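Asks: Have a look at this one before I ask anything.
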Amino acid sequence: MENGSTRVLLGIEDLPKAYYNILPDLPVPLPPPLNPATREPIGPEALAPIFPKEIIRQEVSQNPTEPIPAELREAYLRLGRPTPLFRATRLEKFLGTPARIYYKREDLNPVGSHKPNTAIAQAYYAMREGVERLSTETGAGQWGSALAYATNYFGLKATVFMVRVSFDQKPYRKHLMRLFGAEVFPSPSDRTAYGRKLLENNGHSPGSLGIAISEALESAVTGTNTKYSLGSVLNHVLMHQTVIGQETLKQFEMIDETPDVMVGSVGGGSNFAGFTFPAIGQAMKGKLDTRFVAVEPEAVPSLTKGRYEYDFGDTGEMTPLLKMYTLGHAFVPPAIHAGGLRYHGAAPTVSLLLNEGVIEAQAFNQLSTFQAGEMFARTEGVVPAPETCHAIKGVIELALQARERNEPTVIAFNFSGHGLLDLEGYAQYMAGALKEN
């Protein structure tokens with residue numbers, strides 16, 4: 001710990017030795033994935049053509065924890081884990097709030113976001129099984145960059161289908177992926193049968209994560225010694241991210257604080273889950289009294305306006321049916337700059353927790369979140385990604401409510417990524433050209 005509680009640091013020995021698995025702690029069992037044709041539950045064997053065996057085992061595991069192998073822990077150390085927890089004292093002062101605001105810095109690794117926490121794990125397990133290539137989708141490019149880094153680290157190849165609007169809006173992320181050796185294609189693309197079909201019908205499609213997932217799945221199934229890698233939504237992905245939340249709880253113990261509210265932005269749900277699930281597990285056992293707030297874009301309001309029902313995880317209807325809050329798998333979201341939040345649904349575990357009242361959800365428009373990002377940059381000196389700006393907007397609203405009540409609330413959020421490769425969005429915002437949604 002340095003400078004009082006302004007920056008809380010952990011040692012190398014504090015790196016988690018196991019992932020936290022929320023499945024055994026859920027208030028009700030997670031509804032199983034269904035076969036779209038029969039609507040009967042599917043078993044793990046149905047996932048064998050898509051994922052490595054160890055990933056499938058983790059996806060359905062009911063173990064309360066899953067060990068992190070030594071070689072994988074070494075990779076985490078090289079990524080800069082454990083990450084620091086900062087107190088936003090300058091933002092607190094600017095807002096005139098009695099709230100104490102803390103943020104977990106997940107932007108300090110080589111690709112600048114929380115995504116490598118699962119990318120490095122998925123690449124490791126694929127490498128151990130002799131897989132040669134991983135295919136994936138990416139929205140804003142943070143996940144694609146993370147998987148490109150991870151596959152390069154463990155000697156694999158990567159094929160990335162990047163949502164076309166982000167491919168055009170964020171050129172430096174595709175350059176970063178290619179620098180790490182990945183192939184990157186705008187989605188919909190001419191590389192898959194599904195992509196070619198969409199291009200024939202609409203040559204100017206902005207694309208969506210659902211479309212890119214379909215292309216990546218097709219590429220995995222038809223490719224040689226290729227498996228699919230997912231950056232959010234499924235349980236194994238969210239479980240890998242719990243290294244964030246485990247470290248955060250330890251850091252709060254070090255300064256004798258307890259978060260009253262924990263906030264994270266949500267697209268598919270990986271950064272919110274990674275940050276909050278270890279604490280949610282404690283709360284469901286009566287050991288914590290904390291609110292959990294998920295923040296999403298008004299333009300893609302799956303949690304706040306979606307329906308809790310079975311739906312496809314992709315637009316091309318290649319995945320099993322998953323029970324989640326969804327806007328419908330055919331939904332193509334507006335071309336907002338928070339590309340990582342442009343997903344039609346939310347993780348089944350996050351959706352279940354919302355449906356059971358364990359977590360809350362809020363939505364804000366794009367312009368208000370960029371205003372929050374500018375305020376954070378000018379007070380704390382760190383430029384947030386557009387996705388992270390949603391969490392910051394939620395935090396600012398909570399801090400202002402604490403000011404109105406004159407209540408010294410402890411608020412924590414996941415600073416899930418920096419915005420240094422998102423400056424075109426900020427340029428439009430500063431020029432007054434940014435749309436609300």
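Asks: I need the full set of residues from region 74-83 which are in a loop (DSSP other than H, G, I, E, B) and surrounded by 17 or more Cβ atoms within 10 Å (Cβ to Cβ), in order please.
Replies: LEU79, ARG81, PRO82, THR83
Asks: Right, something else. Being free of Cβ contacts under 8 Å to residues at least 60 places away in the same chain, surrounded by fewer than 19 Cβ atoms within 10 Å (Cβ to Cβ) and under 21 Å from PRO110 (Cα atoms) is the filter here, so list the residues in region 384-431 that pass it.
Replies: Across region 384-431, the qualifying residue is only LEU423.
Asks: Every residue in region 276-312 that is at positive phi and in contact (Cβ under 8 Å) with a residue 40 or more places away in the chain, please.
Replies: none
Asks: Could you please find all residues in region 174-198 being without any contact (Cβ under 8 Å) to a residue 60 or more places away in the chain and within 20 Å of ASP422 (Cβ to Cβ)?
Replies: Hits for region 174-198 are LYS174, HIS175, MET177, ARG178, LEU179, PHE180, ALA182, VAL184, PRO186, SER187.
Asks: Within region 210-264, track down each residue that is of a type in the set (Asp, Glu) and under 15 Å from the mean Cα position of the chain (by Cα).
Replies: None - no residue of region 210-264 is of a type in the set (Asp, Glu) and under 15 Å from the mean Cα position of the chain (by Cα), so the list stays empty.
Asks: Identify all residues within region 327-354 that are surrounded by fewer than 17 Cβ atoms within 10 Å (Cβ to Cβ) and of a type outside the set (A, V, I, L, M, F, W, C); write none if there are none.
Replies: Answer for region 327-354, where residues must be surrounded by fewer than 17 Cβ atoms within 10 Å (Cβ to Cβ) and of a type outside the set (A, V, I, L, M, F, W, C): GLY328, PRO334.
Asks: So, one more: Of all residues in region 172-213 being among the hydrophobic types (A, V, I, L, M, F, W, C), closer than 19 Å to ARG133 by Cβ and surrounded by fewer than 19 Cβ atoms within 10 Å (Cβ to Cβ), which is modelled with the lowest pLDDT?
Replies: The residue in question is ALA193.
Asks: Quick one: in region 371-419, which of the residues that are in a strand (DSSP E or B) and not hydrophobic (A, V, I, L, M, F, W, C) is farthest from ASP260 (Cα to Cα)?
Replies: Top of the filtered list is HIS418.
Asks: Another one. Taking the condition in a loop (DSSP other than H, G, I, E, B), surrounded by fewer than 14 Cβ atoms within 10 Å (Cβ to Cβ) and either in contact (Cβ under 8 Å) with a residue 60 or more places away in the chain or on the phi < 0 side of the Ramachandran plot (or both), does PRO31 pass?
Replies: Values: in a loop (DSSP other than H, G, I, E, B): yes; surrounded by fewer than 14 Cβ atoms within 10 Å (Cβ to Cβ): no; either in contact (Cβ under 8 Å) with a residue 60 or more places away in the chain or on the phi < 0 side of the Ramachandran plot (or both): yes.
Against the criterion (in a loop (DSSP other than H, G, I, E, B), surrounded by fewer than 14 Cβ atoms within 10 Å (Cβ to Cβ) and either in contact (Cβ under 8 Å) with a residue 60 or more places away in the chain or on the phi < 0 side of the Ramachandran plot (or both)), PRO31 does not qualify.
Asks: Same structure, new question: Looking only at residues in region 146-171 that are farther than 23 Å from PRO334 by Cβ and among the polar types (S, T, N, Q), which one is surrounded by the most Cβ atoms within 10 Å (Cβ to Cβ)? Before the answer, list the steps.
Replies: So in region 146-171, the residues farther than 23 Å from PRO334 by Cβ come out as 146-159.
With the extra rule that they be among the polar types (S, T, N, Q), the set shrinks to 151-152, 159.
On the way: THR151: 29, ASN152: 17, THR159: 24.
Going through the qualifying residues, I end up with THR151.
Asks: Given the condition within 15 Å of the chain's Cα centre (by Cα), in the same structural domain as THR83 (by TED's automatic domain parsing), of a type outside the set (Phe, Trp, Tyr) and outside any strand (DSSP E or B), answer yes or no: does some residue in region 420-430 qualify?
Replies: Looking through region 420-430, none of the residues is within 15 Å of the chain's Cα centre (by Cα), in the same structural domain as THR83 (by TED's automatic domain parsing), of a type outside the set (Phe, Trp, Tyr) and outside any strand (DSSP E or B).
Asks: Which one of these is free of Cβ contacts under 8 Å to residues at least 24 places away in the same chain and either at positive phi or not basic (Lys, Arg) (or both): ALA18, ALA48?
Replies: ALA48
Asks: Restricting attention to region 45-73, which residues are in a helix (DSSP H, G or I) and surrounded by 13 or more Cβ atoms within 10 Å (Cβ to Cβ)? I'd like the intermediate steps shown before the answer.
Replies: Initially, region 45-73 is screened for residues in a helix (DSSP H, G or I), giving 45-47, 53-60, 70-73.
Matches in region 45-73: ALA46, LEU47, LYS53, GLU54, ILE55, ILE56, ARG57, GLN58, GLU59, VAL60, LEU72, ARG73.
Asks: Look at SER368 and say whether it is touching a residue at least 24 places away in the same chain (Cβ under 8 Å), of a type in the set (Gly, Ala, Ser) and surrounded by 24 or more Cβ atoms within 10 Å (Cβ to Cβ).
Replies: No; evaluated as a whole, the condition is false for this residue.
Asks: Please state which one of TYR76, TYR102 is of a type in the set (Ser, Thr, Tyr) and farther than 30 Å from ASN406 by Cα.
Replies: Selected residue: TYR76, the only one of TYR76, TYR102 that is of a type in the set (Ser, Thr, Tyr) and farther than 30 Å from ASN406 by Cα.
Asks: Among the residues of region 233-244, how many are more than 17 Å from ARG7 (Cβ to Cβ) and part of a helix (DSSP H, G or I)?
Replies: Count: 8.
The values are calculated or read from the model by the stated rules, or taken from the named source; none is laboratory data. Bear in mind the structure is a predicted one, so any value in this text is a computation, not a measurement. With ideal geometry, Cβ positions are generated from the backbone for all residues, glycine too; neighbour counts draw on all protein chains shown.
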